[in-house]
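This report refers to the structure that appears directly beneath it.
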There are 2 protein chains.
Amino acid sequence: MTEIRLALVGLGNVSRAFLKLLSQKITYFSEYGFTLTVVGVATRSHGIATNPAGINPALAIDAYLQGESIEKFHTDKRIYDTLDFIHQVEADILIESMPYCPDMGQPAIDYLISGLNRGLHVITVNKSGPAFAYRQLANLAREKAVSFLHEGTVLDGTPVFSLVRRTLPATQITGFRGVINSTTNFILTAMEEGLPLGDALRQTQALGIAETDPKHDLEGWDAAAKTAILVNALMDGNITPTAINRTGIQNLTTRTVIEATRQGRRFKLLAEAIRRDDQMITRVTPRLLPLTNPLAHVTGTAGG
Amino acid sequence: MTEIRLALVGLGNVSRAFLKLLSQKITYFSEYGFTLTVVGVATRSHGIATNPAGINPALAIDAYLQGESIEKFHTDKRIYDTLDFIHQVEADILIESMPYCPDMGQPAIDYLISGLNRGLHVITVNKSGPAFAYRQLANLAREKAVSFLHEGTVLDGTPVFSLVRRTLPATQITGFRGVINSTTNFILTAMEEGLPLGDALRQTQALGIAETDPKHDLEGWDAAAKTAILVNALMDGNITPTAINRTGIQNLTTRTVIEATRQGRRFKLLAEAIRRDDQMITRVTPRLLPLTNPLAHVTGTAGG
């Protein structure tokens, strides 16, 4: 059995669901000859813990959810902060799942760079790194002969990056279009049913699918960050979210949305990219789609 | 440079398009350190040729399309038939692209078994082998430590089998549903526009998307064969097309189809599989879908 040691930065919804899945798949992993041990967890407001013998994920999650510090699971020498954690923890894989960092991707980028520089494989489910510094991170990973993976940043559980890298060799992606933000998609569907935008937004917050800052979804920043990652990773692009031609749904009214449905059309916040000659054209904008377009039928939370 | 030697059984539409693509991607392959050489081609009515130094694909295709025999490209000792070809040809990969073999998958299965037994990697774009003998072929390939690949048998260029095998580890597929036959899908769309079934069928034949025997599409055999492959390869099943609960579209009338659209619904020939406890439930049948279902908007030739 090979032991693979995981270090986690962030213990939010995604990390906790991931740890739960890990415990359900132990038999599967052992069939493939390896075990996974969580040797460190760094959180923003619940402390930091490292233990080379392994931290019990269920106990760490319990403490976290009860508002306690996870430092009682710490057995090593004092660790000062998250960057120090990344420098000290004896792990094989760093998993970063912090909330989005709208300040040009920092501090996530520095964390990812530190992990890669130490020779760790790095996995992020936070859009910040690959949206703002894809080229730098991918090049550093190649130089250090480790993986830099970010599958969870776009389309949730649907493997779009692995799809292209692992199953479409010799294929050049020249463009894409899609619905890639769940919150605005849910809101648009609710508005078609007569709800004002504000009420619809509150529903997405109650469902836990909205970003912390509602502007991030409504103004199209989330879709722009995902578009940047798709363009950088799949189309050999080199752009950041700020470079994307972006219009949100914040100025759409329920009346306009309903009026469109009466004409057999539907608003969707579409993310699009196309390479024309040497130019990369990227856009996030509400588009009126006829109901004959399959994308018009991606409703509710089905958008990724 | 590593030379990879290809032997082709069949030189139909798919094979010819494949050879054209190969010639366009030579630079790409050389970047990865290999060259591809076609060392043998066996056809049903245009002869058989083998040449260890390589057969020029463009010249072989020209001869084939002009109705000539390809035997003028043959340099080796006499080859008697396709099975003899598979036993003699000095190749690394066997690519089988014959038309569908409704007679329980034969002779395709015997050809694939012979290739695997010789230790060749085997690729088929013909549904026959994986639909009627998936388990046997997959086990033999594993025993011989070679690949048995059949990505082109379902959904054309969309990599559904590689998607699961290579990008969804630790995932169990419990079911699927989809539109997987282009011909019937095109016909249903044309019938909604008022065309009788027979005229719509002739359009698909003119487009070159229909199977040789129209019954194969209309009665749902093609969809059943694809369903069997999906179930066998992705859900660890062990079924053949004949075991699938199957109803075709041959008894649908244009009047019925149009009447459905007036009620906001649309007929689709759906392929479905679901595992319930230890039972595998499989079905190919025309289903009336509401227009709110995204599958209702897979129209024309978009079905795979």
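Here is how the numbers come out for the structure above:
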read-out: Matching entry among B:R78, B:R142 (being open to solvent by 40 Å² or more (accessible area, probe 1.4 Å), modelled with pLDDT under 95, farther than 23 Å from B:F176 by Cβ and basic (K, R)); value: B:R78
read-out: Filter result (open to solvent by 10 Å² or more (accessible area, probe 1.4 Å), touching a helix residue (DSSP H, G or I) at 6+ places or on another chain (Cβ under 7 Å) and at pLDDT 95 or above) within the range A:213-225; value: A:L218, A:W221
read-out: Residue match in the range B:177-191 (condition: surrounded by 13 or more Cβ atoms within 10 Å (Cβ to Cβ), without any contact (Cβ under 8 Å) to a residue 12 or more places away in the chain and either within 14 Å of chain A (Cβ to nearest Cβ) or touching a helix residue (DSSP H, G or I) at 6+ places or on another chain (Cβ under 8 Å) (or both)); value: no
read-out: Qualifying position, being more than 14 Å from chain B (Cβ to nearest Cβ), of a type outside the set (A, V, I, L, M, F, W, C) and within 23 Å of the chain's Cα centre (by Cα), among A:N245, A:N251; value: A:N245
read-out: Qualifying position, being free of Cβ contacts under 8 Å to residues at least 40 places away in the same chain, among the charged types (D, E, K, R), within 20 Å of B:T282 (Cα to Cα) and in a helix (DSSP H, G or I), among B:D222, B:D199, B:D217; value: B:D217
read-out: Restricting the range A:226-260 to residues that are basic (K, R) and more than 18 Å from A:D156 (Cβ to Cβ), the residue that is least open to solvent (accessible area, probe 1.4 Å); value: A:R246
read-out: Residues of the range A:43-73 classified as open to solvent by less than 50 Å² (accessible area, probe 1.4 Å) and part of a loop (DSSP other than H, G, I, E, B), total; value: 7
read-out: Enumeration of residues in the range A:225-256 that are outside any loop (DSSP other than H, G, I, E, B), within 15 Å of A:I187 (Cβ to Cβ) and in contact with an Asp or Glu (Cβ under 9 Å, 6 or more places away or on another chain); value: A:T254
read-out: Identity of the residue in the range B:261-275, closer than 25 Å to B:L291 by Cα and among the basic types (K, R), that ends up most open to solvent (accessible area, probe 1.4 Å); value: B:R262
read-out: B:V38 vs. criteria in a helix (DSSP H, G or I) and more than 14 Å from chain A (Cβ to nearest Cβ); value: no
read-out: B:D103 within 30 Å of B:T82 (Cβ to Cβ), out of contact with any Asp or Glu (no Cβ under 6 Å at 6 or more places or on another chain) and either modelled with pLDDT under 95 or not in a loop (DSSP other than H, G, I, E, B) (or both); value: yes
read-out: Residues of the range B:147-176 that turn out to be outside any helix (DSSP H, G or I) and either more than 22 Å from the chain's Cα centre (by Cα) or without any contact (Cβ under 8 Å) to a residue 60 or more places away in the chain (or both), as a count; value: 11
read-out: Flag for A:L149 being closer than 21 Å to A:A91 by Cα and surrounded by 22 or more Cβ atoms within 10 Å (Cβ to Cβ); value: no
read-out: Residue match in the range B:81-100 (condition: more than 14 Å from chain A (Cβ to nearest Cβ), among the polar types (S, T, N, Q) and open to solvent by 30 Å² or more (accessible area, probe 1.4 Å)); value: yes
read-out: In the range A:158-167, the residues that are open to solvent by 40 Å² or more (accessible area, probe 1.4 Å) and either more than 20 Å from A:V122 (Cβ to Cβ) or more than 9 Å from chain B (Cβ to nearest Cβ) (or both); value: A:T158, A:L163
read-out: Any chance B:K268 is in contact with a Gly (Cβ under 9 Å, 6 or more places away or on another chain) and in a helix (DSSP H, G or I); value: no
read-out: Failed condition for B:K127, given (1) within 14 Å of another protein chain (Cβ to nearest Cβ); (2) surrounded by 24 or more Cβ atoms within 10 Å (Cβ to Cβ); (3) among the charged types (D, E, K, R); value: (1)
read-out: B:L289 being of a type outside the set (K, R), touching a residue at least 24 places away in the same chain (Cβ under 8 Å) and surrounded by fewer than 18 Cβ atoms within 10 Å (Cβ to Cβ); value: no
read-out: Subset of the range A:254-300 (residues that are within 14 Å of another protein chain (Cβ to nearest Cβ), over 27 Å from A:Q172 (Cα atoms) and of a type in the set (S, T, N, Q)); value: A:T261, A:T292, A:T299
read-out: Unmet requirement for A:V122, which otherwise passes all of (1) of a type in the set (A, V, I, L, M, F, W, C); (2) more than 21 Å from the chain's Cα centre (by Cα); (3) assigned to a strand (DSSP E or B); value: (2)
read-out: Residue in the range B:83-100 that is small (G, A, S), in contact with a strand residue (DSSP E or B) (Cβ under 6 Å, 6 or more places away or on another chain), assigned to a loop (DSSP other than H, G, I, E, B) and over 17 Å from B:L140 (Cβ atoms) present; value: yes
read-out: Cβ-Cβ under 7 Å pairs, at least 6 apart or on other chains, the range B:23-38 side open to solvent by less than 70 Å² (accessible area, probe 1.4 Å), far side charged (D, E, K, R); value: B:T35/B:E3; B:T37/B:E3; B:T37/B:R5
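The values are calculated or read from the model by the stated rules, or taken from the named source; none is laboratory data. Since we're looking at a predicted model, the values are computed, not measured. Cβ coordinates were reconstructed from backbone atoms using ideal geometry, including for glycine residues, and neighbour counts include every protein chain displayed. Heavy atoms of the whole protein, side chains included, go into the accessibility calculation; ligands, DNA and RNA do not. Shrake-Rupley method; radii C 1.70, N 1.55, O 1.52, S 1.80 Å.
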